[in-house]
Amino acid sequence: MKQVIIVGGGIAGLATAYYLQKQATDAGIELEYTLIESDTEFGGKIATAHRDGFVIEGGPDSFITQKPWALQLARELGLSDRLLGTNDERRKVYVLVDGRLVELPDGVMLVVPTKMMPFVTSPLISWPGKLRMGLDLVIPPREEDSDESLADFIRRRLGQEALDKIAEPLMAGIHVADPERLSLQATFPRFIDIEQKHGSLIRGMLTARRRRAQRPNPSRNSSHPKTTIFMSLRGGLVELVDALVDHLEQHGTLLTGWRIEKVHSRPDAPYAYAARLDNGRLLQADSVVLATPAFVTADLVEEFNPELAEGLRDIRYVSTATVSLGFRKDDFRHPLNGFGFVIPRSEGCKIAACTWTSTKFDDRAPDNHVLLRAFVGGAHDEHLIDLDDDAMIRMVRDELADIMGVTAEPEIAEIFRWDKGNPQYDVGHLERVAALEAKCEPGLFLAGSAYRGVGIPDCTKDGQRAAEAVVEYLSVLEEEATKREA
Ligand SMILES: Cc1cc2nc3c(=O)[nH]c(=O)nc-3n(C[C@H](O)[C@H](O)[C@H](O)COP(=O)(O)OP(=O)(O)OC[C@H]3O[C@@H](n4cnc5c(N)ncnc54)[C@H](O)[C@@H]3O)c2cc1C
């Protein structure tokens, strides 16, 4: 019986275990796996708190469905009835400009306008800025195929104002990153395809929009709830984690509250790998998947592969926090007519964005209450996560008072700090990841948000990819053993 160790019980590690068990069965390989999570709970960045009727997400609040892997996994786990779409009839996003919230014009896809009238009449971008964005229709595509930063790309195609007011807070914001350092190839490869294929982002996005409008929504005639671009689960994303854990417990060994301190590689021993737990216990395996943050993975492999450790440490991380505030509706004057707002750096605010959670989703606040969530920290303001709870809540409330006029006393306040929680995909990231993979010993695999996408769907897919790699590796081992016996 082959043995596999998976370190890290975030979505990437859990998805690895899920697909490993399925794919091993399909390939006729008998294996046992052990998944070790250092925290007392599984889920990693997926963390939902239920408090006084509020459903509070500390990390992700939804997953994108255009990348289908998380949605598929939720359905396979029997969660179709629990899926929760966004309230798209109230989908409006605002940008803070000169201290005022200005609506992002209807039809802007990421940063590209696809509806002319709302864009032309919007006060968000100045006239010179709009004309500069229009030049995208005639600027020839880039000829080199080397990586570039998101900022360089947007400046080149759409101009500085589109970068400052839309791309920086919205697109780099998704990655909690500095757009001047963020790799376009690793984060928005679709833009590169569109530029090369259509010669213009606006033309390419318009074509994509027309095609999408012609396609039927598959959920329209099915028992599934309507599939919106972002989806969550009624009781919060922790339901995905709980369903995975329930399923996995029937098949493998799952440990929480134990930290792996070191991994040892012993190519000539009967088991090529051993992992030492912080209670001194040694687990042995034929193959290991490390689904931990890159800097943790570096410490784990340091002893037998210092070069790999050094490469892993080149992946930078930044820290963030989320501050959720729940209010009584009666105390609250603002209409919350949208999904929230983002704040360009040039506004000089301490918070980076705020989601109007109880508008974006149903079932997030009890009757007659509202829920908001502010984002603190990130590439330029990491030090803010060191504020104590009272100071952080005061800071968020002061800014919400200035921006939204909210002076009410919150009924609840919940802070989640993510110290070095956000991997940074700097320019050249994909090459760095390929080099890391090449440095791994046979049977050792890396998975998780540090490598091939930070979103839940990407991490799910990465777990699937790692599982495939393990099964392929074990099949080769079995073939070799059979040949030796013969
Ligand atoms: C505030 C915030 C908001 C986000 N919003 C979204 C969103 O809306 N949509 C979206 O798709 N994505 C979002 N993301 C990104 C997404 O949540 C993460 O990228 C993803 O959940 C990471 O999963 P992972 O399994 O790679 O890593 P993690 O979740 O970090 O899991 C790694 C696990 O390894 C464990 N571990 C560490 N060291 C050891 C050790 N030595 N031994 C054993 N276990 C160990 C950790 O405890 C952890 O549980 C957000 C992230 C943050 C921080």
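The values are calculated or read from the model by the stated rules, or taken from the named source; none is laboratory data. All of these numbers come straight from a predicted model, not from anything done at the bench. Glycine also receives a Cβ, built like all others from the backbone with ideal geometry; neighbour counts cover every protein chain displayed.
Some notes on this structure:
- Within segment 324-344, the residues that satisfy the criterion of being within 30 Å of residue 151 (Cβ to Cβ) and either aromatic (Phe, Trp, Tyr) or surrounded by fewer than 18 Cβ atoms within 10 Å (Cβ to Cβ) (or both) are 339, 341.
- Segment 14-68, residues that are more than 11 Å from the ligand (Cβ to nearest atom), in contact with a Gly (Cβ under 9 Å, 6 or more places away or on another chain) and of a type in the set (Asp, Glu): 32, 52
- Checking every residue in segment 2-13 against the condition of being closer than 28 Å to residue 365 by Cβ, buried (at least 22 other Cβ atoms within 10 Å of the Cβ) and within 16 Å of the ligand (Cβ to nearest atom) gives at least one match.
Here's the yes/no breakdown for (1) at pLDDT 95 or above; (2) basic (Lys, Arg); (3) surrounded by fewer than 19 Cβ atoms within 10 Å (Cβ to Cβ); (4) outside the structural domain of residue 184 (by TED's automatic domain parsing):
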site: 390; (1), (2), (3), (4): yes, no, yes, yes
site: 400; (1), (2), (3), (4): yes, no, no, yes
site: 403; (1), (2), (3), (4): yes, no, no, yes
site: 406; (1), (2), (3), (4): no, no, no, yes
site: 410; (1), (2), (3), (4): yes, no, no, yes
site: 439; (1), (2), (3), (4): yes, yes, yes, yes
site: 450; (1), (2), (3), (4): yes, no, no, yes
site: 459; (1), (2), (3), (4): yes, no, no, yes
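Quick grid of which residues meet (1) basic (Lys, Arg); (2) within 22 Å of residue 352 (Cα to Cα); (3) buried (at least 20 other Cβ atoms within 10 Å of the Cβ):
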position	(1), (2), (3)
81	no, no, no
90	yes, yes, no
96	no, yes, yes
102	no, yes, no
160	no, yes, no
165	yes, yes, yes
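- Count of segment 441-473 residues, restricted to those that are among the polar types (S, T, N, Q) and either within 30 Å of residue 268 (Cα to Cα) or more than 10 Å from the ligand (Cβ to nearest atom) (or both), is 1.
- Failed criterion for residue 292 (all others in (1) assigned to a strand (DSSP E or B); (2) within 12 Å of the ligand (Cβ to nearest atom); (3) not assigned by TED's automatic domain parsing to the domain that holds residue 390 hold): (1)
- For segment 158-165, the criterion of being touching a residue at least 60 places away in the same chain (Cβ under 8 Å) and assigned to a helix (DSSP H, G or I) is met by at least one residue.
- Tallying residues that are surrounded by 12 or more Cβ atoms within 10 Å (Cβ to Cβ) and either aliphatic (A, V, I, L, M) or touching a strand residue (DSSP E or B) at 6+ places or on another chain (Cβ under 8 Å) (or both) within segment 119-130 yields 5.
- Residues within segment 229-240 that are modelled with pLDDT of 95 or more and either closer than 16 Å to residue 87 by Cα or outside any helix (DSSP H, G or I) (or both), tallied: 8
- For residue 187, the test of being closer than 19 Å to residue 379 by Cα and of a type in the set (Val, Ile, Thr) is passed.
- Residue, nearest to the ligand (Cβ to nearest atom), within segment 416-440, restricted to residues that are among the charged types (D, E, K, R) and over 26 Å from residue 151 (Cα atoms): 417
- Qualifying residue in segment 150-157 (condition: crowded, with 21+ Cβ neighbours inside 10 Å and out of contact with any Pro (no Cβ under 8 Å at 6 or more places or on another chain)): yes
- Conditions (1) farther than 30 Å from residue 425 by Cβ; (2) surrounded by 16 or more Cβ atoms within 10 Å (Cβ to Cβ); (3) in contact with a strand residue (DSSP E or B) (Cβ under 7 Å, 6 or more places away or on another chain); number of the one not met by residue 251: (3)
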